[in-house]
């Protein structure tokens, strides 16, 4: 499984990378949304993990760019990973195109459960998009 984590904090990326490595998943990293979108253009990922609050473009704007694509990558599963605790956060993220929302600090079981739900919702071949 190929995961792209778009997150400006290197420690958060490291923690999630270590969690995913337990499951044998490969994780690519982007330190900002612009780089993440470029990596989506150039690479193949099964799931995108997206922080909301980053310098420059925020995560919801980046998700909007993903959903506006005209290719199969427009339907990539996106899991928001955020420290934001706003009451309407989940609803606004889902309305903005996210498939799931996880709170930081991310618990391994919550991460694996969310990824499992994304896999279960997709047909096997739809998870790998070139």
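The values are calculated or read from the model by the stated rules, or taken from the named source; none is laboratory data. All values derive from a computational prediction rather than experimental measurement. Because the Cβ atoms are built from the backbone with ideal geometry, glycine has one as well, and the counts that use them run over all protein chains shown.
Details
- Wholly enclosed helices (runs of 4 or more DSSP H) of the stretch 1-90 bearing at least 3 residues out of contact with any strand residue (DSSP E or B) (no Cβ under 9 Å at 6 or more places or on another chain) and either in contact (Cβ under 8 Å) with a residue 24 or more places away in the chain or within 16 Å of residue 106 (Cα to Cα) (or both): 10-22, 59-67
- Among the residues listed as 71, 88, the single one being modelled with pLDDT of 95 or more and surrounded by fewer than 16 Cβ atoms within 10 Å (Cβ to Cβ): 71
- Qualifying residue in the stretch 85-99 (condition: closer than 20 Å to residue 1 by Cβ and within 13 Å of the chain's Cα centre (by Cα)): yes
- Residue among 129, 102 that alone is at pLDDT below 95 and either on the phi < 0 side of the Ramachandran plot or touching a strand residue (DSSP E or B) at 6+ places or on another chain (Cβ under 7 Å) (or both): 129
- Among the residues here, residue 42 qualifies as modelled with pLDDT of 95 or more and closer than 20 Å to residue 7 by Cβ.
- Looking only at residues of the stretch 22-39 that are at pLDDT below 95 and farther than 23 Å from residue 75 by Cβ, we find that the one that is surrounded by the most Cβ atoms within 10 Å (Cβ to Cβ) is 22.
- Selected residue (criterion: surrounded by the fewest Cβ atoms within 10 Å (Cβ to Cβ)) from residues of the stretch 5-21 that are within 19 Å of residue 62 (Cα to Cα) and touching a helix residue (DSSP H, G or I) at 6+ places or on another chain (Cβ under 7 Å): 5
- In the stretch 95-119, the residue that is surrounded by the most Cβ atoms within 10 Å (Cβ to Cβ) out of those that are without any contact (Cβ under 8 Å) to a residue 24 or more places away in the chain and under 16 Å from residue 58 (Cβ atoms) is 101.
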